[in-house]
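Only one structure is covered here, and it is reproduced in the block below.
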Amino acid sequence: MKRTNIVAALLVTLTLISTGCGTSDYVQSVQLTATGPGNAAFSNLAGADGTIQLNTVAVYHSGKNVPVTNSVTYTVSTVGTQDELSGYAPIPAYGPTTVPIDPTGLMTIVASLCTWVDLPSGTPPVLPTPPIYNWEYTGYYQVVAVYNGVSSQPVAIGAGSRAGNAPDGSCGPQ
């Protein structure tokens, strides 16, 4: 009788343990980062054919982090305007002719854009050495990575592939 109770208890314990396997670990969050010109506060697609590498990590409930960059889909929306020197114009919609993202997460600027303004604008008589710029977004592409139905935080990416209003004609942080 005792053996039967011990065997039954072991089987119940084994059943409880095995039914939890594979279901307790799940994607808790998705983290998107951009590596390229800029810093933690901003990212910038600088220059003609400039690139930024998007990296995505799935954070599981168990605490493990798994790189999933090649397995995500991206949602990209436009925010604000581009600086047109003589005024502001809408940012062109995301797509293959503006700032495409390839399957490895490489984002490339294809269109002629400047989504930065140097404040205060205007050309001083002499450039300070080194030049001092006060860059501000006029607009940007907002990128979100989606993995297994879980969305990342948004990442803002400015674009500077044509002349801007800085005294030296640059557009955005290089």
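What follows draws every value from the coordinates through simple rules; no lab data is involved. Everything numeric here is computed off the predicted structure, so don't read it as measured data. Neighbour counts are summed over all protein chains in view; Cβ atoms, including those assigned to glycine, are modelled from backbone coordinates with ideal geometry.
Worth a mention:
- For segment 25-160, a simple Cβ point-charge model (Lys and Arg +1, Asp and Glu -1, everything else neutral) yields a dipole of about 280 debye relative to the Cα centre.
- Average Cα contact separation per residue, segment 25-160, under 8 Å, 6 or more apart, as relative contact order %: 31 percent
- Cβ crowding within 10 Å averaged over residues, with 47-59, 64-76 ranked highest first: 47-59, 64-76
- Rough spin-label spacing in nm, given labels placed 7 Å along Cα→Cβ, for Ala48 and Ala111: 1.8 nm
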